[in-house]
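The values are calculated or read from the model by the stated rules, or taken from the named source; none is laboratory data. The structure displayed is predicted, hence computed values, not measured ones. Heads up, the Cβs are rebuilt from the backbone with ideal geometry, glycines too, and the neighbour counts pull from every protein chain shown. Surface accessibility is based on the protein's heavy atoms, side chains included, excluding ligands, DNA and RNA. Shrake-Rupley method; radii C 1.70, N 1.55, O 1.52, S 1.80 Å.
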Amino acid sequence: MRLKTILNYGLKFKCFCIGKSEFNEKKDSIIVEIKARTNSKRMVDRIMQCDILHADETFIKLMVKGAKKCKQAYLWCRLTGVGPPMIAFHFSPSRSRDVAESLLGDYSGTIIRDSYAAYEKLDCEVACCWAHVRRRFLQAVENGYGKAEPLLKIIQELYQIERVAKERAEKKGTETALFQERKNVRRQSQKFVREFFEQCRVLKESERPTSLVAQAVSYALNIEEELKKFLKDSRLNIDNNPAERLNRGIAIIRKNCLFAGNEAGGQRLAILYSFAATCKANGICFRKWLEDVLPRLNSTPAGQIDSLIPEAKQSCQ
């Protein structure tokens with residue numbers, strides 16, 4: 001089965017050829033796009049039902065109509081934190097609080113995120129990312145602030161404990177095993193976290209507020225309770241790296257397609273990248289998934305739409 005996709009203005013559906021069959025009439029193109037959007041919306045609905053989400057955002061270029069130049073737009077990411085991995089990207093010209101509210105305002109679970117201000121007014125549980133804290137202390141150490149080194153070593157100990165739990169769980173091969181191993185080893189983490197914040201409070205009193213180490217300390221203390229959340233729930237990741245790794249894929253998109261031709265093109269890009277990223281996370285070949293799903297878009301009843309969503313049970317063979 002052969003798949004040909006003609007793209008225009010940032011992944012606009014124009015024509016799909018599957019074998020000898022071609023959807024080359026305008027009405028068929030519109031139907032395919034509507035069905036793809038419906039499929040994407042259903043995947044978002046399922047993501048929003050998950051107890052734990054990762055959330056992040058990154059920039060992408062958007063062509064300014066008639067100006068022959070680009071401006072900065074954003075792809076917002078939502079990723080399931082437990083259960084089958086599902087990923088939804090949302091394109092927006094803005095990085096404002098209003099966008100965060102529209103995407104996550106109705107969510108009632110726990111979001112793992114950084115401390116970006118747009119997320120602060122959301123009415124849900126929050127766990128913050130230790131990787132962002134680590135970067136700030138690493139920057140301080142690299143700039144000659146030796147007092148930050150003991151704190152950086154504590155964070156490294158926390159990550160070593162997480163690695164041990166992951167390695168033990170991999171031998172059993174289940175997500176439940178990972179949660180149990182985290183629960184066991186994080187008893188050690190509690191001691192290190194307590195020591196970390198005690199040292200932070202000491203340094204805050206002795207360092208100049210403008211120094212890199214003082215800024216790192218203030219950052220950590222401002223989100224202390226959110227950083228401790230992973231100790232209370234073994235399902236929570238210690239950081240938001242799963243979402244940030246997805247954003248590295250956006251960097252490749254920025255190099256390959258350079259920009260979205262318009263907002264509609266950006267929205268289509270977000271839909272296709274959501275499907276591609278979800279396929280990859282579940283070990284599914286994206287091309288083969290498209291070849292399977294595209295011919296069935298028009299004929300699949302609404303009650304069976306979940307069969308069009310990429311999941312781990314589907315094979316890429």
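Checking each residue of region 139-153 against the condition of being surrounded by 14 or more Cβ atoms within 10 Å (Cβ to Cβ), at pLDDT 90 or above and farther than 28 Å from E195 by Cα gives no match. Would you say Q160 is touching a residue at least 60 places away in the same chain (Cβ under 8 Å) and not in a loop (DSSP other than H, G, I, E, B)? So Q160 does not fit the description; no.
Inside region 186-221, residues that are under 16 Å from L158 (Cα atoms) and open to solvent by 10 Å² or more (accessible area, probe 1.4 Å) make up a count of 9. Can you find, within region 154-174, the residue that is farthest from F230 (Cα to Cα) among those that are of a type in the set (D, E) and surrounded by fewer than 13 Cβ atoms within 10 Å (Cβ to Cβ)? Top of the filtered list is E170. Could you say whether any residue in region 117-133 is surrounded by 14 or more Cβ atoms within 10 Å (Cβ to Cβ), assigned to a helix (DSSP H, G or I) and in contact with a Lys or Arg (Cβ under 9 Å, 6 or more places away or on another chain)? Yes - at least one qualifying residue is present in region 117-133. Looking only at residues of region 89-111 that are among the small types (G, A, S) and not in a loop (DSSP other than H, G, I, E, B), we find that the one that is farthest from K71 (Cα to Cα) is S102. Residues that are over 21 Å from E125 (Cβ atoms), in contact (Cβ under 8 Å) with a residue 24 or more places away in the chain and open to solvent by 20 Å² or more (accessible area, probe 1.4 Å) within region 60-89 comprise K61, M63, K65, C70, Y74, P84, listed in sequence order.
Is region 194-212 home to any residue that is in contact with a Phe, Trp or Tyr (Cβ under 7 Å, 6 or more places away or on another chain), in a helix (DSSP H, G or I) and either within 16 Å of S115 (Cβ to Cβ) or hydrophobic (A, V, I, L, M, F, W, C) (or both)? Yes, the conditions are met somewhere in region 194-212. Mind listing just one residue for me: the one in region 293-310 that is within 27 Å of the chain's Cα centre (by Cα) and assigned to a helix (DSSP H, G or I) and, of those, surrounded by the fewest Cβ atoms within 10 Å (Cβ to Cβ)? Among residues in region 293-310 that are within 27 Å of the chain's Cα centre (by Cα) and assigned to a helix (DSSP H, G or I), the one surrounded by the fewest Cβ atoms within 10 Å (Cβ to Cβ) is Q304.
Report yes if some residue within region 274-282 is part of a helix (DSSP H, G or I) and open to solvent by 40 Å² or more (accessible area, probe 1.4 Å); otherwise report no. Yes: one or more hits.
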